[in-house]
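Colleague: I have a structure here, written as C-alpha cells, and I will follow up with some questions on it.
Read the figures in this text as sums done on the coordinates, not as results from a lab. Model, not experiment: these values are computed from the prediction. In this analysis, Cβ positions are derived from the backbone assuming ideal geometry, glycine residues included, and neighbour counts consider all displayed protein chains.
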Amino acid sequence: MKKEFNEKKILFISAKFFGYEAEIKKKLQSFGSDVDYFDERPKNDFLTKSLIRINRNLLAKKNHGYYNNIIETTKDRNYDVIFIIKGEVISENNIRKLRKYHQKAKFILYMWDALSYSPNSSKIKHLFNYVFTFDRRDAQTYRDMKFRPLFYIDGYKELASNKKIKDIDVLFIGTVHTDRFTVLKKIETQLADNGINFYFYKYYPSKYLFYIKRLFDKDLRRFGSNELQFKALSKNEVLDLYSRAKIIIDIERPKQSGLTIRTIEVFGAKQKLITTNQSIRDYDLYHPENIQVIDRENPVIEPNFLKQGYKDALNEIYEKYSIDFWLFDIFTEALGYNQKVNLSVVN
C-alpha cells in the first residue's frame with residue numbers, strides 16, 4: 001500500500017500533541033512522501049494556547065502573519081495533499097489562499113476532538129475535500145464528515161510482545177480536565193480500599209493556569225497542586241509505564257463519544273482497559289474480557305476483571321487501528337486509489 005504515497009508532496013499542519021504529529025510525519029516519510037510540517041499554532045507558550053482556547057480572534061493579527069508566512073514559503077511547492085488536523089487556528093481566508101496556490105491539491109481535515117470542543121473547525125470544514133472525525137456522533141450528525149477512529153503508533157505494537165514484569169496493577173496517564181480529576185479520585189479510593197497497586201500520572205499543562213482555573217472550578221478546588229504533574233511525559237516514558245502495567249484507565253471528555261488515542265494505544269499494546277466511554281461497546285475492538293466499562297458518576301471496578309487474562313483480537317481488526325491503516329484510510333480517495341488491502345502482506 002505504500003507505493004501510492006511515494007513521491008507525493010504533502011503539507012501537514014497540526015498542533016503539537018505529545019509527539020503524535022512527529023510520528024505521523026515520520027510514517028508518511030517512511031512511505032516515500034515529501035512532507036512539510038508546520039505547527040498549527042504560531043507559538044506553544046502558555047499565553048498563546050490559553051488565548052486560542054478562550055477566543056482565537058484575540059490572536060487574529062499574530063495568526064494572520066503566521067499563516068501568511070507559511071503560505072508564502074510553500075506557494076511554489078505544488079502539493080498533492082494538504083492535510084490539517086483539527087484546524088483550531090487556521091482561518092477560512094487562509095485555506096482559500098492555500099487553495100489558490102495549490103489548485104491540484106486535495107484538502108483533508110481530520111478531527112481528533114469533538115466539534116463541540118473546536119468551534120473553528122465547524123466554520124472551515126466545508127472548504128475541505130475530505131473531512132474525517134474520530135467521533136461517531138459527529139459523523140452521524142454531519143453528512144460531510146466520515147467516521148475514522150484514531151490509531152496506535154508502532155511502539156505499542158512492539159509493547160504487545162514485551163515480557164517485562166508487571167509491577168503496576170492499574171495505571172492512568174493523562175491530562176486533568178472537565179470532571180476527570182473527580183472520577184479519578186473515586187477510583188483511587190476504591191483501589192486503595194481493596195489493596196490494589198496503582199499509579200496515576202495526572203498531568204496539568206501549567207501550574208499558573210491551574211491556580212487560575214481552580215478559582216472557577218469547584219472540582220479543582222478540592223485538590224492541591226501536589227497531586228498534579230506539570231511536566232508532560234515523553235513517548236518513551238509513557239511506553240515504559242505501559243510495559244509495567246496490567247490494566248490502563250481511560251476517562252473521555254463528557255461531551256465526547258469518540259475513543260481517545262490512549263484507548264487505541266491500549267488495544268495496540270494488547271492490554272486490558274477500564275473506561276468510562278460507554279460507546280466503546282459499539283466498536284469491533286471491544287471484548288468484555290479485555291475492557292470493563294464503568295459509570296463516571298459511580299465507577300465500580302469488578303474484582304474478577306482484574307484477574308482475567310487478555311483475549312487477542314482478530315489480526316484484521318488489530319491491524320485496522322495501526323497508524324499505517326489510519327493514514328491509508330484517510331488518504332485513499334485523495335491519492336486517487338481505492339483498493340482492498342490484504343492485511344496479511346502489509347509491511
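Colleague: For the Cα atoms of the chain, what angle does the longest principal axis make with the long axis of helix 235-244, in degrees from 0 to 90, nearest 10?
Modeller: 30 degrees
Colleague: Short version: ³J(HN,Hα) in whole Hz for each residue of the range 262-270, in order, from phi by Karplus 6.51 cos²θ - 1.76 cosθ + 1.60 (θ = phi - 60°), x for Gly and Pro, what are they?
Modeller: So the J values, rounded to whole Hz, are 4, 4, 5, 5, 4, 4, x, 7, 6.
Colleague: Separate question: Counting other C-beta atoms within 10 Å, which of 300, 81, 131 has the fewest, and how do the rest follow?
Modeller: Sorted ascending by nearby Cβ count, the order is 300, 131, 81.
Colleague: Tell me, in nm to one decimal, what length is gained between residue 162 and residue 314 on full extension, where the rule is 0.36 nm per residue of separation less the Cα-Cα distance?
Modeller: 52.8 nm
Colleague: 5 Å is the cut-off here: which amide hydrogens, built 1.01 Å from N in the peptide plane, fall below it relative to residue 111, excluding neighbours closer than 5 in sequence?
Modeller: 86, 132, 133, 134
Colleague: Then there's this: What angle, in degrees between 0 and 90 and rounded to the nearest 10, separates the Cα long axis of helix 180-193 from the longest principal axis of the Cα atoms of the chain?
Modeller: That works out to roughly 30 degrees.
Colleague: Right, another one. Size of the chain along its principal axes in angstrom, Cα-based, largest extent first?
Modeller: Reported extents, whole Å, longest axis first: 62, 53, 35.
Colleague: Got a sec to turn the phi values of the range 159-175 into Karplus ³J(HN,Hα) couplings, 6.51 cos²θ - 1.76 cosθ + 1.60 with θ = phi - 60°, whole Hz, x for Gly and Pro?
Modeller: Those phi angles translate into 5, 4, 9, 6, 9, 5, 5, 8, 9, 10, 5, 10, 10, 10, 9, x, 7 Hz.
Colleague: Compute the distance from the alpha-carbon center of the range 107-154 to that of the range 277-319, in whole Å.
Modeller: 25 Å
Colleague: Here is a further query. Would you please state which residues of the range 60-100 a label at residue 146 would reach in this model, taking the label point 7 Å out along Cα→Cβ and a backbone N cut-off of under 20 Å?
Modeller: Hits in the range 60-100 for residue 146 at 20 Å: 80-87.
Colleague: May I ask which of 164/307; 27/164; 125/270 have a Cα-Cα span longer than 23 Å here?
Modeller: 27/164; 125/270
Colleague: Another question, then. Compare 153, 330, 187 in a GNM of the chain, Cα atoms joined below 10 Å, and give the one with the largest fluctuation.
Modeller: Answer for the Gaussian network model of the chain: 187.
Colleague: Beta carbons within 10 angstrom, averaged per residue: use that to sort the peptides 309-320, 277-288, highest first.
Modeller: Going from most to least packed, we get 277-288, 309-320.
Colleague: Let me ask something else about it. Using per-residue counts of other Cβ atoms within 10 Å, averaged over each peptide, order 160-170, 2-12 from highest down.
Modeller: 2-12, 160-170
Colleague: Here's a follow-up. Per residue of the range 274-288, in order, report the coupling 6.51 cos²θ - 1.76 cosθ + 1.60 (Karplus, θ = phi - 60°) as ³J(HN,Hα) in whole Hz, putting x for Gly and Pro.
Modeller: Computed from phi, the couplings for the range 274-288 are 10, 9, 8, 7, 5, 6, 4, 5, 8, 9, 6, 7, 6, 8, x Hz.
Colleague: Cα-Cα pairs above 23 Å in the range 154-319: how many percent? Present the calculation step by step, with values, prior to reporting the outcome.
Modeller: Numbers: 5359 of 13695 pairs.
Above the 23 Å cut-off, the range 154-319 has 39 percent of its Cα pairs.
Colleague: Hey, which lysines would be in cross-link range of residue 218, C-alpha to C-alpha under 26 Å, not counting anything within fewer than 8 residues on its own chain?
Modeller: The qualifying lysines are 49, 185, 186, 202, 207, 231, 255.
Colleague: Could you tell me how many degrees, from 0 to 90 and to the nearest 10, lie between the Cα long axis of helix 46-55 and the main elongation axis, the longest principal axis, of the Cα atoms of the chain?
Modeller: 80 degrees
Colleague: Continuing with the same structure: Could you name the aspartates and glutamates whose alpha carbon sits less than 13 Å from that of residue 104, not counting residues in the same chain fewer than 8 places away?
Modeller: 76, 80
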